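No value in this document is a laboratory result; all are computed from the given coordinates. Please read these numbers as outputs of a predicted model, since none were measured by experiment. Reconstructed Cβ throughout: ideal geometry from the backbone, glycine too, with neighbour counts over all protein chains shown.
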Amino acid sequence: MIHIQDVSVAYPKGIQALSGVDLHFERGEFAFITGASGSGKSTLLQLIYRELEPTRGQVIVDGHDVSQLPRHRVPLLRRKVGVVFQDFRLLPMQTVWENVGFALDVIGATKRDKHHRVPLVLELVGLADRADAYPDQLSGGEQQRVCIARALVNTPPLLLADEPTGNLDPVISLNIVQLLCDIADRGTTVLCATHDTHIVDAMQRRVVALVQGVVVRDEKTGGSYDAA
Amino acid sequence: MRLNTAQFLISQAWSAILRNGAITGAAITNISVALCVLGVFVLTAYNLQAQAMQQAAAVEITVDLAKDAKRAEVEKSLRANERVKAVRFVPKAEALEGLAQRWGLDFSTLSRVGNPLPDAFRVVPVKPDDIEAIAEQAEQIPGVAEARYAQQTTTKLLKLARGIKLAGLVAVIILGTASLLLVSVTIRLTIYARRREVRIMQLVGATNWFIRWPFLLEGWFQGTTGGIVATALLLPGYAYLASLISSNLGFIRPVQSTELMVALGIGLVLMGSLFGVLGSLIGLQRYLQEV
């Protein structure tokens, strides 16, 4: 599903965000990307949904080299990739229901489809009763759950979660990550960047650890989180 | 575009208009003011030109007849000219009477001295612009001694009218560009306030046109409303001022034509719509360059 081949990313002023990264993720696989702040976790995810382009190397998603993708095709890539953002990135002037439904509007889903899928996914993240609230009326945890619902509503083949549990309490965090694992088990590839040691330990899934942009560890059933 | 998508985009635009009431109001006010200024200028230029043309139209050509001229044939030739509106015969006695009146002399005394003036025709052109050509043609008619008109006055008035027309056109282009810039800056402010929204739309896979449409509809709504407001302020205001001027200053006659008012109203509304849509397109371009 995802092939990352010899990828490096250098930011202006010579900061090396990733160096010579080689990774491969199968369809339906779940993997944690771990590492301290600034280790390159977010950069790695941003390459996959073409928020960033690599300075060197190839990022192949579902058979397509995304760094070579013409600009007009980038929206089509993003429709296949659900992204859960660290900073929520919700539309402030739209309700929870509209924020989630927006991802369906973008792909031209019918009203009927929307009315079927949005309540289901809101139920899944425990926000069915907050559907009419605006983002600024929600707690940080609730906003993150809206973000997860928006990423899930399209049932994309690939789901990227950048610190999805950063603003959630431990019990909810575990539920959310369990939910992400269940989604992976149904055939969606899920990459979850996190520095939450408890979750990584609890799930016993593949762990890719980054230190200063270099992959220092890649274990099929990680656990025993090591910040390295 | 699918009906679902069209409905969604229109509802997006409408809810943005309602939610950003203050910015929408400011944009509409800006557009109305810009279009009002433009409208005032157009009306002023139109009136000035009309006044100059009116003055020029009052000028007549005096076609003096030679002593042996055949009056009927000359008159027939003059009337045959399509550019001639009216022809009036002025016998030399009448001409002398007019002269006596203008100079304050006693007509009977003057006529006893003798009448050196020839019989003549007074010719009124259809268009003041044609005065020179008519005079030249009249002089070619057998029996015509001379064709005269207040050449300097007419030429000056016609020059003035053409000058006003040209200056008006240039000013409309300059004011129009300024209005367009003002509108695009206002709409850019609206977009700037929602740049985060634009970015999120891009990140969840919206195409640039999908993002553009609601903003274009919003710009169109603001522009059209601005045009309607400008028309609603300008036309009754002008009608009132025009009637006030005509009743108090008899020598100035402002143009009071329904056609002009309708054309100006439609023009302002269309211009508002165009400015709104173009302003949105220009304003959005920068934000849509990042992917």
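Quote the convex hull volume per residue of segment B:60-149, based on C-alpha atoms, as a whole number of Å³. If you can, show how the numbers build up before the last one.
Numbers: hull volume 7.8 nm³, N = 90.
Each residue corresponds to 87 Å³ of Cα convex hull volume.
Note the count of lysine pairs whose C-alpha atoms are less than 28 angstrom apart in segment A:1-129, limited to pairs 8 or more residues apart or on different chains. Walk me through the numbers on the way to the answer.
Working: A:LYS13/A:LYS41; A:LYS41/A:LYS80; A:LYS80/A:LYS111; A:LYS80/A:LYS114.
Qualifying lysine pairs in segment A:1-129: 4.
Please express the Cα-Cα pair-distance distribution P(r) of chain B as a list of whole percents, one per 5 Å bin, running from 0 to the bin with the greatest distance.
1, 5, 9, 10, 10, 9, 8, 7, 7, 6, 5, 5, 4, 4, 3, 3, 2, 1, 0, 0, 0
Straight-line reach only, C-alpha to C-alpha below 13 angstrom: list the aspartates and glutamates that B:LYS70 could link to, leaving out same-chain residues fewer than 8 apart.
B:ASP119
For the Cα atoms of chain A, what angle does the longest principal axis make with the long axis of helix A:96-106, in degrees from 0 to 90, nearest 10?
70 degrees
For chain B, find the longest principal axis of its Cα atoms and tell me its angle to the long axis of helix B:92-103, 0 to 90°, nearest 10.
Roughly 70 degrees, rounded to the nearest 10.
What is the sum of charges around A:LEU91, taking Lys and Arg as +1, Asp and Glu as -1, for the other residues whose C-beta is under 13 Å from the C-beta of A:LEU91?
Working: positive: A:ARG89, A:ARG150, B:ARG19, B:ARG194, B:ARG195, B:ARG196, B:ARG199; negative: A:GLU98, A:ASP105, A:ASP136, B:GLU197.
That works out to +3.
Once the Cα atoms of helix A:111-124 and of chain A are each reduced to a long axis, what angle between those two axes, in degrees from 0 to 90 to the nearest 10, is obtained?
In chain A, helix A:111-124 runs at an angle near 70 degrees to the longest axis.
Arranged by the count of other C-beta atoms within 10 angstrom, fewest first, what order do A:ILE48, A:ILE148 take? Let's see the in-between values first.
Details: A:ILE48 22, A:ILE148 27.
Ranked by crowding around the Cβ, least crowded first: A:ILE48, A:ILE148.
Looking at the protein assembly as shown only, what percent of DSSP beta bridges run antiparallel? Nearest 5 please. Display every interim value, and only then the final one.
Working: 33 of 51 bridges.
Rounded to the nearest five, the antiparallel share is 65 percent.
With a Cα-only, solvent-free Debye model of segment A:87-155, what are the log10 I(q)/I(0) values at q = 0.12, 0.13, 0.20, 0.25 Å⁻¹?
At q = 0.12, 0.13, 0.20, 0.25 Å⁻¹ the computed log10 ratios are -0.24, -0.28, -0.69, -1.08.
Would you give the gap between the C-alpha center of segment A:107-127 and the C-alpha center of segment B:153-210, rounded to a whole Å?
Comparing the Cα centres of segment A:107-127 and segment B:153-210, I get a distance of 42 Å.
Counting pairs of Cα atoms in the protein assembly as shown, how many percent are more than 31 Å apart? Write down the numbers at each step before the final one.
Numbers: 85478 of 134421 pairs.
Summing the P(r) tail past 31 Å for the protein assembly as shown gives 64 percent.
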